[in-house]
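Report on the structure given below.
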Amino acid sequence: MAAAARFFIRGANSKLSVSGIGPGAHSSLGAALLKLSPNCSSRLKAQRRHAAHFTFHPDPVPTQYGPTQKMNLFQSITNALDNTLASDPTAVIFGEDVAFGGVFRCTVGLRDKYGKDRVFNTPLCEQGIVGFGIGAAAAGATAIAEIQFADYIYPAFDQIVNEAAKYRYRSGNLYDCGNLTIRSPWGCVGHGSLYHSQSPEAFFAHCPGIKIVIPRGPVQAKGLLLACIADRNPCIFFEPKILYRAAVEQVPVESYTIPLSQAEILKEGSDVTLVAWGTQVHVLREVASMAQEKLGVSCEVIDLKTILPWDNETVCKSVVKTGRLLISHEAPVTGGFAAEISSTVQEECFLNLEAPISRVCGYDTPFPHIFEPFYIPDKWKCFDAIKRMINY
Amino acid sequence: MFSVSIGRGVARLPLSANETRSLLQAATQQKTVDSSLEKPQFPGASAEFVDHLEFIQPNVISGIPVYRVMDRQGKIIDPSQDPQVHPSQDDVGRISFYMTNYGEEGTHIGSAAALEPTDLVFGQYREAGVLMYRGFPLDLFMAQCYANADDLGKGRQMPVHYGSKDLNFVTISSPLATQIPQAAGAAYAIKRENMNRVVICYFGEGAASEGDAHAGFNFSATLECPLIFFCRNNGYAISTPTNEQYRGDGIAARGPGYGMLSIRVDGNDVFAVYNATKEARRRAVAENQPFLIEAMTYRIGHHSTSDDSSAYRSVDEVNYWDKQDHPISRLRHYMTARGWWSEDDERSWRKQSRKTVMEAFERAERRLKPNVELLFTDVYDELTPGLSRQRESLARHMQQYKEHYPLDLYEK
Ligand SMILES: Cc1ncc(C[n+]2csc(CCOP(=O)(O)OP(=O)(O)O)c2C)c(N)n1
């Protein structure tokens, strides 16, 4: 019986894209989750081919921050945390399964290097993790909390929205929890379904008092995370988990920060402004090339990077120039952050607009498992939207 | 046969159902103030005054004992506790399928067998055996895991998120512990129907740390819900060992704090689990109150297929449970000793199971995925005008960009 059980488990292991609920030690939730046996059917192979919906575009090697090292996104996070623990004796890092390195390997080696009192597991309770982090920060520590998946941040919603965001304001600045940073894996991975795919930034964007930051790659991740940690306001740092392994860049080994609330123009263009953050930046970069090649349309690509408070100046300036705006995110379109950008741009740039602002986003459904290839705002949907804007 | 803890005290008394009920009633009724008595009159507790300062020790009782029926070799220790099972073809057939949750099979089958099929199950995700026991076909397990067109959940969730309306098994949800207060609400509704049903709610010792667990325990006790909380304490929550999860005496020790009857059982002893669940069920229905069963077991498998547990526990530790104290081995010893099972049975059963499972894998793999329109249904009871527009826009888009979508894998 026992052998049969083992067989069954092995069978499942090789045939299914199972992760269980929340992966463990060596998961990337990227390609690793979709483990296929050599004899898998062509159907499954086809499924895998359709899984990669973007091509990662690495940043140029940064020269201004000293020597660099090849790192993927999770390693650049570890590196940033390492810098923080080394330079700030009050810094503590905690969350579910953080001690052994975290289910996405972002804290590997840090407990051994800095001690059990600085890098530790908490009981399994997100409201506890954030509440604990607020308290630690209010008492003077640098608190870096990990929520295992952005999809599981909601038990902490009250602590974030009613507490972290309002600590300074309600106390007349007697108390604050600005030393709190909440990190959490975010976004789709190809097979995460309802509860391992969400992009909940819009919920928190409705909440003055916190900052929300989402990087597009390893260099950005390190600089922005260190900026969040240094920032004197509570920050939520969402990490595109599909990029943990897939995104590799030369990352400076020393500490450096990239300013918050500053969007970045990645590619200049004259006909359409494309705005995204996180993984979707890479989709739009490809779309920009497609538009150039197939339509002769010149796109300006902007990575918003900070969702709250966001850089409307950079976006509006670009739209004044191009007259067209497309915003794209994986989260459902209704009430998504694209709606906020869109209405601000409409107010600021009404007379410059040549076509209605286009939002290419997730549908107004939960994030579906087997329908993910149809759900996501992929390059073809974005490309088509550009075509329609140009022909408007 | 239950050790009962009542109210806020830590007395452990063997009590009859009636005695327990009246004591619990006494403990739960709001008192009227009587200032003539030299007793505390605070509405929040019934107790005596003391005049020496003493903190209550965290473990007042020195470890809640673990109820078992069989020893590790499968020998019945006290014949009066033998549930007197008899083999039938049917049982053997069922057992063959409950093996996906390695090391914890005893908790699944022992508890499932003690329930009525109409009892409502709220699971966590590591209770496939419960659903199997109720007769969920292998092909439907596979359909769910492959998210194919036969999946009752319409391909929307990750593998192991089973559900069955017919079998009274509420669909699994990934966010931990959310089912615990829901189970209390369901038990309350069921109580009012008065149909001799209970709710059983499974969860891990890790999930028990969530705020929702507290809410569920407290609601079910105060609202007198016929509910069995079944905690699978398997030693780990992914990599987190129990001593980083709690510092009290496990989950059973929390029962008294909520005014809830509690027991700890050897989860690798299928008969102990069966007896405890059966008695808890009987009393939960009869007395309308929740019971807490903490089944001690061990997660022999990795947390999931993407976990490598050697990063946080030793192979020796895993081997001990696999080789020395496995629920299936224990049952096999028991059955072999009675001549109900033999090496030959074992061999041919393994061969047959392997074949059955492989065939089911292949069938599930070949099957098409569900129709893409199902992306939009069930968000609400009816398709809203907005969703209907989104569905049409996707259809138009796919018409135009067909070659970029794996449409041939999906039902038309
Ligand atoms: C609210 C929430 N937080 C975190 C997770 C990620 N996660 C999935 S399973 C798991 C461990 C659960 O452990 P336990 O309850 O002991 O059950 P076991 O896996 O041991 O059966 C974690 C942290 C989740 N699914 N939901």
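Data for the structure
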read-out	value
Within segment B:245-262, considering residues that are crowded, with 20+ Cβ neighbours inside 10 Å and part of a helix (DSSP H, G or I), the one farthest from the ligand (Cβ to nearest atom)	B:PRO256
Search result, residues across segment B:280-289 that are part of a helix (DSSP H, G or I) and surrounded by fewer than 24 Cβ atoms within 10 Å (Cβ to Cβ)	B:ARG281, B:ARG282, B:ARG283, B:VAL285, B:ALA286, B:GLU287
Qualifying positions in segment A:93-142 - in a loop (DSSP other than H, G, I, E, B), touching a residue at least 40 places away in the same chain (Cβ under 8 Å) and surrounded by 24 or more Cβ atoms within 10 Å (Cβ to Cβ)	A:GLU96, A:ASP97, A:VAL98, A:GLY102, A:VAL103, A:PHE104, A:CYS106
Within segment B:304-323, considering residues that are more than 22 Å from B:TYR274 (Cβ to Cβ) and touching a residue at least 60 places away in the same chain (Cβ under 8 Å), the one farthest from the other protein chains (Cβ to nearest Cβ)	B:ARG313
Residue satisfying all of: in segment B:216-244; within 11 Å of chain A (Cβ to nearest Cβ) and either touching a residue at least 24 places away in the same chain (Cβ under 8 Å) or not acidic (Asp, Glu) (or both); nearest to the ligand (Cβ to nearest atom) among these	B:ALA237
Segment A:350-383, residues that are buried (at least 18 other Cβ atoms within 10 Å of the Cβ) and in a helix (DSSP H, G or I)	A:GLU372, A:PRO373, A:PHE374, A:TYR375, A:LYS379, A:TRP380, A:LYS381, A:CYS382, A:PHE383
Verdict on B:GLN89 being under 30 Å from B:CYS145 (Cβ atoms), surrounded by fewer than 10 Cβ atoms within 10 Å (Cβ to Cβ) and modelled with pLDDT under 90	yes
Tabulated pairs, segment B:387-404, first under 15 Å from A:ASP378 (Cα atoms) and at the interface with another protein chain (Cβ under 10 Å from one of its Cβ atoms), second among the acidic types (Asp, Glu) and in a helix (DSSP H, G or I), C-beta under 8 angstrom, 6+ apart or interchain	B:HIS397/A:ASP384; B:GLN400/A:ASP384; B:TYR401/A:ASP384
Selection from segment A:147-196 of residues that are within 14 Å of the ligand (Cβ to nearest atom), more than 17 Å from A:ILE307 (Cα to Cα) and of a type in the set (Ser, Thr, Tyr)	A:TYR152, A:TYR154, A:SER193, A:TYR195
Every residue from segment A:191-208 that is small (Gly, Ala, Ser), surrounded by 22 or more Cβ atoms within 10 Å (Cβ to Cβ) and more than 10 Å from the chain's Cα centre (by Cα)	A:GLY192, A:SER193, A:SER197
Matching residues in segment A:201-227 - criterion: being touching a strand residue (DSSP E or B) at 6+ places or on another chain (Cβ under 7 Å) and over 16 Å from A:TRP310 (Cβ atoms)	A:GLY217, A:PRO218, A:VAL219, A:ALA221, A:LYS222, A:LEU225
B:PHE203 near the ligand (Cβ under 9 Å from one of its atoms) and either acidic (Asp, Glu) or outside any loop (DSSP other than H, G, I, E, B) (or both)	yes
Residue selected from segment A:131-146 under the condition touching a strand residue (DSSP E or B) at 6+ places or on another chain (Cβ under 9 Å) and within 16 Å of the ligand (Cβ to nearest atom), by the criterion farthest from A:ARG183 (Cα to Cα)	A:PHE132
Complete set of residues in segment A:108-130 that are more than 10 Å from chain B (Cβ to nearest Cβ) and either within 15 Å of the ligand (Cβ to nearest atom) or aliphatic (A, V, I, L, M) (or both)	A:LEU110, A:VAL119, A:ILE129, A:VAL130
Matching residues in segment A:335-349 - criterion: being closer than 22 Å to A:SER199 by Cα and assigned to a helix (DSSP H, G or I)	A:PHE337, A:ALA338, A:ALA339, A:GLU340, A:ILE341, A:SER342, A:SER343, A:THR344
Within segment B:94-167, helices (runs of 4 or more DSSP H) holding 3 or more residues that are more than 16 Å from the ligand (Cβ to nearest atom)	B:105-114, B:138-146
B:ILE190, sole failed condition from (1) part of a helix (DSSP H, G or I); (2) facing another protein chain (nearest Cβ under 10 Å)	(2)
Only one of B:ARG350, B:ARG367 that is among the basic types (Lys, Arg) and more than 7 Å from chain A (Cβ to nearest Cβ)	B:ARG367
Cross-chain or 6+ apart pairs with Cβ under 9 Å, segment B:119-130 first and among the acidic types (Asp, Glu), then in a loop (DSSP other than H, G, I, E, B)	B:ASP119/B:ASN168; B:ASP119/B:ARG197; B:ASP119/B:VAL198; B:GLU127/B:ASN101; B:GLU127/B:GLU104; B:GLU127/B:ILE172
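The values are calculated or read from the model by the stated rules, or taken from the named source; none is laboratory data. In this text, all values refer to a predicted model and were calculated from it rather than measured experimentally. Reconstructed Cβ throughout: ideal geometry from the backbone, glycine too, with neighbour counts over all protein chains shown.
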